[in-house]
Structures are given as structure tokens and as C-alpha cells.
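The values are calculated or read from the model by the stated rules, or taken from the named source; none is laboratory data. Here the structure is a predicted model, which is why all the values come from computation and not from measurement. Because the Cβ atoms are built from the backbone with ideal geometry, glycine has one as well, and the counts that use them run over all protein chains shown.
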Amino acid sequence: MAYDFQTGSLGVRKEVVDSMVKQIAARSYRFKQAVAIVPTNAWKNTFFREDLTIPAGQSGNATKGIPRGANFPQAVVKWEEVSVKIIKHGLEDNVAWEDVISNDINVQARTIIRLTEGVVKSVDDDIWGSLTENLSPTNIQTFVTYARWDEASAAIIDDLMKASRLIATNGNYDVSDLMCFVSPYGKQTIMKYLVDKGSQFPQIATDVANNGRIGRLAGIQLVESVSVTASYALVVKPKTCATFKELVSLRSTIIEDPYRSVKIRVVEEACTELTDPKAVVLITNTQKSA
């Protein structure tokens, strides 16, 4: 990807760089698949988290069996007010003018790729941290697997089904489209389980493979991500569990110092609102070693 360094071409090069950044990111994001993406213009974002306990009448005044002419039992729906602040993710690098126009390795293109990957990884790490409550769950659902997946891989199916049951029972959600995020080692363990059982590997569609999708198991879409902490797996109801509020969507710019260097900068500003914690299940202790 060579660039003309005439002054009049700067705007064109900015557009080319920005397009390249967005194409790379579209294939690289893992956790954005799990959240609803909504624009915002506020630095501090407030949302209301609903208590999902199914409403019922008070003791002695049940929902069922109201006498003729009697008062209806009262049920109170509760919400919790939660606020989160925008987080800024960004990287930049300065590429020498001579490297751009003469290097055997396309330094400028490689710089764009690596900076984009860095920002995408930072965003994915942040969404992982928000969905798992930084591995210190207080609102989401969680359980410790009875047998590590790399020691007794048959536990994989049971654990996925338990996570599905918890989301259906405690959150009253439809569980037909769940996602499970696993580490690269978690993927290895799952593939070994399929081989040991004589099963075929899940079919990987070429149009989604770039987002870490590795197929379905027990009806749950599996997604591999390096943002997943070792010995954990995360099952979510996608687009329902959380909202990703974007103040500044992923974008880039180039700043030219003529005949000296080009600075490439990539940025994204957003925050994650964990709106439905009961649509999330964190499975712990999934592996002994990596």
C-alpha cells in the first residue's frame, strides 16, 4: 500500500487509512458480537437495571384465587440506577517518510494493522471485564465446573447446558441463540472432546470465522478470544446482556510532517453497560494447565 506524498493527496490517504482500519477491525472484534451497540453523546451514561424476580402477590394475598370483589394483590417492580463513564482507547505511531516510500516491508500498512489490532484488543478486554464484573461477580450468574474441561472433557456439554438453564430459569430469557466465549486453550480442549467422541468438527462459515466463531456445540455458538482469562468461559444472551455505548466509534487519522514522517493515530471511545446480568453466566475452573 504505497502513498503519494503530494500535499493535495492527504485527504485521500486519510480516507484510505480509515477504511483499512475499519476493515481490519470488523474481522477482529470478538466481544462486540455479544452487545447491542448504541451511539451516545454523554461522557457519563446512566441506565436502569431491572430486578428480574417474577412479580407475585404478598403472603396471604396471592396472585391466584382472588375472591370476588376483593382488592388485587400488589406487586412492586424494582430498578437499580447504574452509571458508567466513557473509556478512551487509542494508539499511535510515527513512521519515517523514507520507510513509507522505500522500505521492502510495507511499514505504513503494517503499522495501521498493528495499531488497529491493539485498540480492538483493548476494547474487547474492556467488554470482557464488564461482562464478567472483572472476575468478581456480584450481579451476574457464575458457577465452578465440577470437572476441568482438559481433564474430563465430557463436562463441557453439561456445563454449557447448566449455563443455558440458569439464563432461562433465573432471567426468563429465550436461550436459542446463546454465545460462549472461550480462550484459545479452551478451544483446543473442545476440539479434543469432539475428536475423542468421534464427532465432526463444527462447520466454520467463511463469513464469520474472522470474528472468532468456531462453530456450535449443544446449540451454543462458540467464540474464541484471547481476551478470555485462562480457566474461564463466558456464556451470554447476545445483544441482550449488555449495551455498548459509543461516544467515538473506531476511527483513525494521519498527521503529516512533510518529508519527515507520518503519524498514524487510531482511537475509540465507549463504555459497556451491563444491563441484564442474569443473561450472563461465568464458568470458572475450566482448565488445569495451558
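Can you pull out every residue in region 214-253 that is aliphatic (A, V, I, L, M) and assigned to a loop (DSSP other than H, G, I, E, B)?
Those that are aliphatic (A, V, I, L, M) and assigned to a loop (DSSP other than H, G, I, E, B): Ala218, Val226, Val228, Ala230, Ala242.
Does Glu92 meet the test of being surrounded by fewer than 14 Cβ atoms within 10 Å (Cβ to Cβ) and among the charged types (D, E, K, R)?
no
Would you confirm, using the coordinates I've provided, whether Val262 is in a strand (DSSP E or B), among the aliphatic types (A, V, I, L, M) and over 25 Å from Ser19 (Cα atoms)?
no
Would you check if Leu194 is at pLDDT 95 or above and under 19 Å from Val223 (Cβ atoms)?
No.
Filter region 224-237 down to residues that are crowded, with 18+ Cβ neighbours inside 10 Å and more than 15 Å from Val280 (Cα to Cα), then give me how many there are.
Number of matching residues: 4.
Just to check your reading of the model, which residue among Glu256, Glu269 is within 29 Å of Arg110 (Cα to Cα), at pLDDT below 95 and part of a strand (DSSP E or B)?
Glu256
Looking at Val38, Val76, can you tell me which residue is hydrophobic (A, V, I, L, M, F, W, C) and either part of a helix (DSSP H, G or I) or touching a strand residue (DSSP E or B) at 6+ places or on another chain (Cβ under 7 Å) (or both)?
Val38
If only one of Thr132, Thr111, Thr116 is touching a residue at least 24 places away in the same chain (Cβ under 8 Å), polar (S, T, N, Q) and under 19 Å from Asn211 (Cβ atoms), which one is it?
Of the residues listed, the single one that is touching a residue at least 24 places away in the same chain (Cβ under 8 Å), polar (S, T, N, Q) and under 19 Å from Asn211 (Cβ atoms) is Thr116.
Evaluate the following for Lys14: is it assigned to a helix (DSSP H, G or I) and either at pLDDT below 85 or within 26 Å of Asp104 (Cα to Cα) (or both)?
Yes: the conditions hold for Lys14.
Under 9 Å between Cβ atoms, at least 6 apart or on separate chains: pull out the pairs that start in region 185-198 with a residue that is free of Cβ contacts under 8 Å to residues at least 60 places away in the same chain and end on any residue that is surrounded by fewer than 17 Cβ atoms within 10 Å (Cβ to Cβ) and hydroxyl-bearing (Ser, Thr, Tyr).
Tyr193/Ser199
Counting just the residues of region 272-290 that are over 16 Å from Lys245 (Cβ atoms) and in a strand (DSSP E or B), which one comes out farthest from the chain's Cα centre (by Cα)?
Thr284
Return yes when Val208 is surrounded by 12 or more Cβ atoms within 10 Å (Cβ to Cβ), more than 26 Å from Lys288 (Cβ to Cβ) and at pLDDT below 85 and no when it is not.
In short, yes.
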